[in-house]
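J.: Take a look at this one; I'll ask things after.
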Amino acid sequence: MNETLVQRIQVEVEGTVQGVGFRPFIYRLASELGLTGWIKNTRNGVAIEIEGSVPLVEAFLQRLRSDAPASASVEVISTSAIPALDDESFSIGQCTESGQRALVIPPDLATCADCLRELNDPHDRRFRYPFLTCTQCGPRYSLLTAIPYERSNTTMTGFDLCSTCHSEYSTESDRRFHAEPIACPDCGPHLSLWNMLGQEVADGEEALSQASALLGEGLIVAVKGLGGFQLWVDAKSEKAVRRLRDRKRRSEKPFAVLFSSIEMARSYCQLPSDEEALLCSPQTPIVLLRKQRDVVLADAVAPDNPYLGVMLPATPLHHLLMGTLQRPMVATSGNRSEEPIVTDEREALVRLQGIADALLLHDRPIARPIDDSVVMVVGGMGEAGKSTADVMVLRRARGYVPQAIRWSDDPTNDDSQGPILAVGGHLKNTVAVLTGNRVVLSQHLGDLSTVEADRAFRQAIEDLQRLLQVTPQAIACDLHPDYRSTAFARELAATLSVPLVSVQHHHAHVASCMAEHKLDGEVLGIAWDGAGYGGAGQVWGGELLIASYRQFSRVAHLRPFRLPGGEAAMREPNRSAAAVLWELMGEEMLKLPLPSWEVTDNQRTQWASLLRSGFASPWTTSMGRLFDAVASFTGLCSHASFEGQAAMAVQFAAERGADEGIMSMEGYPMNVGPSDSPDTRWMADWRPMISALLDDLRRGINPAKIAARFHAGLAAATVGLAQEAGLPRVVLTGGCFQNRLLLSLVRQRLEKARFTVYSHALVPPNDGGLSLGQAVVAANHLDDVQ
């Protein structure tokens, strides 16, 4: 090849390439290779023109992807040849495009190694400064107030740069070139400690020191982090953790634990390499890890739970605190249960009054509440029986939002499609905006059961529309008519005079997983969860759907049973157990001898009356409630203080009972036969399964073995159902597939039967992924209408 031949290439890069030092990286790369041209931000990423000899231009294109900053995400690179201009240098230009924008701002990222070195270097001007940052780390989305991502459009606009910071910010070769949150002790945010009367009692280093002392005494300190307040307390103090539970009104739901280092985390938890990589990643999510035996932590941290939610410090402030404390700390969301996380110190004085003993805070405003993300690693079997490990996001927030999800590579899905606003469900709510082939999801917003939560939900919708500079051309919502999100969608659609697309709950679940994997055409979707409105007053939850984005048909479901007391059954697994027994044996349920079933004669009589009459007892096909029934029968859980608690107890017991190898274990039988429903072909009848389970209980079989056989039976049944459906691609979705044992078993059995299996990785399988599914279903629905 003629090395003197000069070419000029136009390069378009899409992805997370703004606010992550990508332009300085390209500048340094071009300078190193002696290439000329320019780079500038565009509404979808960056545009580059690069000129030089053919081998050097080819090297540039190769290294553009391979050497990109760790916090960047290069999704698409397109190139085209253009005439050479023979310019003399390479420069960084400004964005001149207008029009609808794709959100390309990176998420908030954990402190990078370079900044951590500066934090601990006594000779550095940012030594022990809690708010140091660079282009590779620090706050982004949590401080963004408008697009484009510039300092003037962040909550840092009130902090004028000192001359030294301004020089760093303006120097193209500096690693803080255009690091919008750049700050130092002379010009940036400052730390202070308040008592709960709103009085400042210390600032700077003294605030850190006093806060650490309070925590060492077992008191509760609310710490203002990146996306809101966290409630901190000593994780080794039973008294302190129980005090936090009482004040926060969170009786049993597990708390996350913050460790100062990976070495400390390893001494408390089993830490395989995949989980370690997640903990140390720029996202620094909470990672679910199995506890080591004889762990010395307060039992109240995660009662009756073999796992811990573990995280490492994500900000310089966290590093400084944990460096002093050198002990594990509970670090949970700064709110009362069922309320959004608190972001403002004045608000904290009201909403955290009676919970926190002091506030450790700073004067950098938070633009939006962003909680910590939660992930886990799920094992499975890949090709040729090789073990694989997949990451599953259970709560998508800090570190992951607002990265767009590309749901299609179809070039016809361009920016002319949409925008569509999807408002999610009622529990674990997220909202989303679809434009073309990208969907931007909000952070986890939580359950919409309080006025404060509803206010946060509406604010998040306004927030996304403002940042993306869009007005929805259609609104998508859940089919349930009484969800707060559905009511809002009806109001907004009427106000804007745009179509309202109601999406069935489980169809949205399946579509969300399809969108993650860019699947087109039909799939078999296995959607198992606690509840989703199926229409005509029916509560679905154990569904097999033949689904595409445009439509679905219900091919199979669990045998229905009633829920005595309706929603009360979600908190009282004994009610689901009574309903299952009623379907199995009718009036005989009143006198069934079953010592492990902790119910009174009066309760049996009351529930039998409801089931006999059908009053306040809707029919359901919920797999989640079937798990509840098993938890009740086996004595594992008779009352649930948080969603999924009973099902978790069955999972944990099954993991204990699967020592001899659950893949070879004979599961309880589930029959597949014709459905009584006219629009469904098959029904999975759980009655043989429950009959065999009850026989084992009477024989005194350990509940852990019973739970394991229950899981094995469900996994075996999915293969038979999938074979009846006859589609090669199977999607596993819904909250029940947060159960890593169930997911692994079902996946392995289906793959052994030569099905191609897809599960969630980018969005949660729970209702946190509904908005993605709603958005893509609505987009295809509107395509058909148009």
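The values are calculated or read from the model by the stated rules, or taken from the named source; none is laboratory data. Computed from a predicted model, the values in this text were never measured in an experiment. Methodologically, a virtual Cβ is constructed for each residue, glycine included, from the backbone with ideal geometry; neighbour enumeration extends over all protein chains shown. Accessible surface areas use protein heavy atoms only, side chains included; no ligands, DNA or RNA. Shrake-Rupley method; radii C 1.70, N 1.55, O 1.52, S 1.80 Å.
J.: Can you find, among Ile39, Val20, Leu56, the residue farthest towards the positive end of the dipole of segment 1-71? Put +1 on the C-beta of Lys and Arg, -1 on that of Asp and Glu.
T.: Val20
J.: Another question, then. So if I place +1 on the C-beta of Lys and Arg and -1 on the C-beta of Asp and Glu, and nothing else carries charge, what would the dipole magnitude of the chain be about its Cα centre? I want it in debye, nearest 20.
T.: 1980 debye
J.: Now, a different point. For the residue pair Ser613 and Ala753, what label-to-label distance in nm results when each label sits 7 Å from Cα along the Cα-to-beta-carbon direction?
T.: 4.3 nm
J.: Under a plain spin-label model, where a point goes 7 Å from the Cα along Cα-to-Cβ, how far apart in nm are Phe127 and Gln606?
T.: Taking the simple label geometry, Phe127 and Gln606 are separated by 6.7 nm.
J.: Among Lys40, Lys253, what's the order by accessible area (1.4 angstrom probe), most exposed first?
T.: The ordering from most to least exposed comes out as Lys253, Lys40.
J.: Under the classification rounded if a/c is under 1.5, otherwise prolate if a/b is larger than b/c and oblate if not, where does segment 158-275 fall, given a ≥ b ≥ c as square roots of the Cα gyration tensor eigenvalues?
T.: Oblate shape, in that a/c is at least 1.5 and b/c is the bigger or equal ratio.
J.: Considering only protein heavy atoms, what is the solvent-accessible area of Asp294 at a probe of 1.4 Å, reported in Å² to the nearest 10?
T.: Approximately 150 Å² of Asp294 is accessible to the 1.4 Å probe.
J.: Right, next: What is segment 568-695 by shape, rounded, prolate or oblate, if you read a ≥ b ≥ c off the alpha carbon gyration tensor as root eigenvalues and call it rounded for a/c under 1.5, prolate for a/b larger than b/c, and oblate otherwise?
T.: Here segment 568-695 falls in the oblate category.
J.: Within segment 506-570, report the GluC sites (Glu not before Pro) that DSSP leaves as loop and that have at most 16 other Cβ atoms within 10 Å.
T.: Glu567
J.: Defining a contact as two alpha carbons under 8 Å apart and six or more residues distant in sequence, what relative contact order in percent does segment 148-225 show?
T.: 18 percent
J.: With a/c under 1.5 counting as rounded, go ahead and sort segment 651-786 into rounded, prolate or oblate using the C-alpha gyration tensor (a ≥ b ≥ c being the square roots of the eigenvalues; past the cut-off, prolate if a/b is larger than b/c, else oblate).
T.: prolate
J.: Related question: Can you return the lysines within cross-link range of Lys224? Criterion is Cα-Cα under 21 Å, with same-chain partners fewer than 8 residues away left out.
T.: Reachable lysines: Lys248.
J.: For segment 624-701, what is the Kirkwood estimate of the hydrodynamic radius, computed as the reciprocal of the mean inverse distance between distinct Cα atoms, to one decimal in Å?
T.: 14.2 Å
J.: Taking R0 as 45 Å, what FRET efficiency do you get between Ala568 and Val296 from their Cβ-Cβ distance, rounded to the nearest 0.05?
T.: 0.70
J.: Over all directions, what mean area does the Cα convex hull of the chain project, stated in square nanometres?
T.: 35.5 nm²
J.: Lys/Arg Cβ at +1, Asp/Glu Cβ at -1, dipole of the chain taken about the Cα centre: which of Pro703, Tyr268, Leu558 is farthest positive-ward?
T.: Pro703
J.: How much accessible surface does Arg395 have with a 1.4 Å probe, in Å² rounded to 10?
T.: Solvent-accessible area, nearest 10 Å²: 50 Å².
J.: Related question: Just reorder Phe25, Phe737 by solvent-accessible area, largest first, 1.4 Å probe, all chains present.
T.: From most exposed to least exposed: Phe25, Phe737.
J.: Quick one: dipole size for segment 205-348, taken about the Cα centre, charges +1 on Lys/Arg Cβ and -1 on Asp/Glu Cβ, in debye to the nearest 20.
T.: Computed about the Cα centre, the dipole is about 400 debye.
J.: Shifting gears a bit: Determine the relative contact order of the chain: mean sequence separation of Cα pairs under 8 Å and six or more apart, normalised by residue count, in whole percent.
T.: This gives 11 percent for the chain.
J.: So, one more: Return the FRET efficiency for the residue pair Gln94, Gln465: r is the Cβ-Cβ distance, R0 is 22 Å, and the value is rounded to the nearest 0.05.
T.: E(calc), rounded to 0.05, equals 0.30.
J.: Out of all DSSP beta bridges in the chain, what portion is antiparallel? Express it as a percent rounded to 5.
T.: If we restrict to bridges inside the chain, about 75 percent are antiparallel.
J.: Follow-up. Under a 1.4 angstrom probe, counting protein chains only, how are Arg490, Arg140 ranked by accessible area, largest first?
T.: Largest accessible area first, the list is Arg490, Arg140.
J.: Could you work out the helix-only [θ] at 222 nm for the chain, with each DSSP H run of four or more residues adding -39,500 (n - 2.57) and the total divided by the number of residues, to the nearest 500 deg cm²/dmol?
T.: Using -39500 (n - 2.57) per qualifying helix, the result is -10000 deg cm²/dmol.
J.: Just to be sure I understand the model, the point goes 7 Å from the Cα along the line to the Cβ. What's the resulting Ser170 to Thr495 distance in nm?
T.: 4.4 nm
J.: Which value, in Å², gives the accessible area per residue of the chain when a 1.4 Å probe is used on the protein heavy atoms?
T.: Result: 38 Å² of accessible area for each residue.
J.: While we're looking at this one, here's another question. Rounding to the nearest 20 debye, state how big the charge dipole of segment 515-642 is about its Cα centre with +1 on each Lys and Arg Cβ and -1 on each Asp and Glu Cβ.
T.: Here segment 515-642 has a charge dipole of around 200 debye.
J.: Quote the accessible area belonging to Glu338 in square angstrom, nearest 10, computed with a 1.4 Å probe and with ligands, DNA and RNA left uncounted.
T.: Roughly 100 Å² of Glu338 is accessible to a 1.4 Å probe.
J.: Provide the gained length on full extension for the span Ser691 to Asp783, in nm with one decimal, where the gain is 0.36 nm per separating residue minus the Cα-Cα distance.
T.: Fully extending the segment from Ser691 to Asp783 adds 28.3 nm.
J.: Roughly how many percent of the accessible protein surface of the chain is carbon and sulfur, given a 1.4 Å probe and a whole-percent answer?
T.: 49 percent
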